[in-house]
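Written out below as structure tokens is the structure these notes cover.
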Amino acid sequence: AAAAEAEVRLLLQEARESIEAARSYRRELQQRLRGLHQAREQIKESATLTRDVLEQHFSDLKGTLKKLLDERLMSLLQEVDVIEQESIKPLDECQKLIEHGVSTADDLLREGESAVDGDVGQQNEKLCNFTKKALHIQLDSLPEVPSLVDVPCLSAQLDDCLLTILKNQIFRHGTVASRPPVQLEEFVEKPGGILVRWCKVDDDFIPQDYRLQCRKSTASHFEDVYVGSETEFIVLHIDPNVDYQFRVCARGDGRQEWSPWSVPQLGRTTLVPHEWTTGLEGYSLSSRRNIALRNDSQSCGVLYSKAPTYFCGQTLTFRQTVGQPDRRDSLGVCVEQRNGYDSLQRDKAVCISTNGAVFVNGKEMTNQLPAVTSGSTVTFDMEVVQLGSCSNEGGTFKLRVTISSNNREVVFDWVLDQCCGSLYFGCSFSYPGWKVLVF
């Protein structure tokens, strides 16, 4: 009986496992069905959109070609009118002269016939008057009439090669692409931003530039956020926990037109943006509080972040416009805000000075980075390498820190006596003119 009961339990267990496997299998199949549905919808929607674009484009071309042909026809007809008028004008003048001569000759004939057939007593006087009048008219002078070979004979020269050229150009005009040459590859969350990466998927396509566009999920129009030769870009000013739609296209080497857009994809960030704290007299902030400008105030101190928003595993980036440097200047991160200090070159902080010196807990390291230059970036990357006791009595907490500047970097371990889930960032500058963007 015990053996039979054990066998039943085993069968029940196997049945339950089979049922769970069947459920999992069904979920996977349903997910693939949804994937097929989405693929089918994408094909149909893109095909419909492509048809609309083609029909509108060729409709516009027809209208433009008809307008251009009508304008050319009107120009040629006007040219015919001008040649006709200019050519007939001298003939009309010659015709008037000849008609006047014919009228004069008719009058002279009548007068001559009257003189010849008139009364004998008055015949002598009439004949004398007629003879003088005939000599005065110069009956041997005739107006010159141009021969047919000397006057214009209008014709139209219409070369059929235009139709051949147009036919060849039209038959080569436009292409239909089944896949865009570039596609979005990856979205990486950043504080108040998204790092977007894309890649080329057409081996025969040689890109010259890329064009990245973005729009909020609630917006109707895409906007350009990047045009250039890089294959990644950090899109800033992104609201946390809001979907944004992205798409990318490319321009081939030596070409003017852009390729078809990639398949639009959604990206979002859950990380709140980095912000400088407000109220410090020596610094002016941008509207989004991610840019700090050292102003002309004589007040000196460290400008901290509004909150400890830097977490290990992230990259913290400073981009700056330089002013006059000072050895006490600093850019870096710290465990806590401490008022009364004029630099981050202190305990529980790591930083880089504007001259490239690196400080850990207030001590200058032997390794040094290049001096900070205008437009360059300084990045901090940290990861936990040793996590000791985090009790109230303290412990050992070690972070592997990488600071990069001007294509060089230093790597070191930062030992702390407490656990730090998140860190503040800060900066200090002795002289005005420094401006720092943090992201």
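What to note about this one:
- Here the condition is being out of contact with any His (no Cβ under 8 Å at 6 or more places or on another chain), surrounded by 10 or more Cβ atoms within 10 Å (Cβ to Cβ), farther than 30 Å from Val151 by Cα and at pLDDT below 90; of Leu12, Leu49, Leu65, it holds for Leu49 alone.
- Search result, residues across the stretch 334-361 that are touching a residue at least 40 places away in the same chain (Cβ under 8 Å), surrounded by fewer than 16 Cβ atoms within 10 Å (Cβ to Cβ) and of a type in the set (S, T, N, Q): Gln337, Asn361
- Every test in (1) modelled with pLDDT of 95 or more; (2) surrounded by fewer than 21 Cβ atoms within 10 Å (Cβ to Cβ) is passed by Thr309 save one, and that test is (1).
- Restricting attention to the stretch 208-231 and to residues that are in a strand (DSSP E or B) and open to solvent by 70 Å² or more (accessible area, probe 1.4 Å), the residue that is nearest to Arg288 (Cα to Cα) turns out to be Lys216.
- Of residues in the stretch 187-207 being surrounded by 13 or more Cβ atoms within 10 Å (Cβ to Cβ) and of a type in the set (Asp, Glu), the one nearest to the chain's Cα centre (by Cα): Asp202
- Leu331 satisfies every condition listed in (1) open to solvent by 20 Å² or more (accessible area, probe 1.4 Å); (2) modelled with pLDDT of 95 or more except (1).
- So Gly174, is it under 26 Å from Ala47 (Cα atoms), of a type in the set (Gly, Ala, Ser) and surrounded by 10 or more Cβ atoms within 10 Å (Cβ to Cβ): yes
- In the stretch 15-41, the qualifying residues are those that are open to solvent by 100 Å² or more (accessible area, probe 1.4 Å) and of a type in the set (S, T, N, Q), and the one that is farthest from the chain's Cα centre (by Cα) is Gln31.
- Output for the stretch 420-436, where each listed residue is open to solvent by less than 50 Å² (accessible area, probe 1.4 Å) and either within 20 Å of Asp326 (Cα to Cα) or not in a strand (DSSP E or B) (or both): Cys420, Ser422, Phe425, Gly426, Cys427, Ser428, Phe429, Ser430, Gly433, Trp434, Val436
- Selection count where residues are among the acidic types (Asp, Glu), touching a residue at least 40 places away in the same chain (Cβ under 8 Å) and outside any strand (DSSP E or B), scope the stretch 184-207: 0
- Residues in the stretch 328-358 that are assigned to a loop (DSSP other than H, G, I, E, B) and closer than 20 Å to Gly375 by Cα: Asp329, Ser353, Thr354, Asn355, Gly356.
- Residues (open to solvent by 30 Å² or more (accessible area, probe 1.4 Å) and in contact with a Leu (Cβ under 9 Å, 6 or more places away or on another chain)) located in the stretch 405-419: Asn406, Arg408, Glu409, Asp413, Val415, Cys419
- Apart from one condition, Met74 fits all of (1) open to solvent by 90 Å² or more (accessible area, probe 1.4 Å); (2) touching a residue at least 12 places away in the same chain (Cβ under 8 Å); the exception is (2).
- Close contacts from the stretch 362-377, counting a first residue that is more than 15 Å from Gly332 (Cβ to Cβ) and a second that is in a loop (DSSP other than H, G, I, E, B) and among the aliphatic types (A, V, I, L, M), with Cβ to Cβ under 7 Å and a gap of 6+ residues or different chains, come to Thr373/Val322; Ser374/Val322.
- Residues in the stretch 245-264 that are open to solvent by 70 Å² or more (accessible area, probe 1.4 Å) and touching a residue at least 40 places away in the same chain (Cβ under 8 Å): Asp253, Arg255, Trp258, Trp261.
- Remark: Glu79 falls outside the filter, which requires a residue to be modelled with pLDDT under 90 and either open to solvent by 70 Å² or more (accessible area, probe 1.4 Å) or touching a Ser or Thr at 6+ places or on another chain (Cβ under 6 Å) (or both).
The values are calculated or read from the model by the stated rules, or taken from the named source; none is laboratory data. Keep in mind the model is a prediction, meaning the values are calculated, not measured. Glycine also receives a Cβ, built like all others from the backbone with ideal geometry; neighbour counts cover every protein chain displayed. Note: accessible area is taken over every heavy atom of the protein model, side chains too, but ligands, DNA and RNA are not part of it. Shrake-Rupley method; radii C 1.70, N 1.55, O 1.52, S 1.80 Å.
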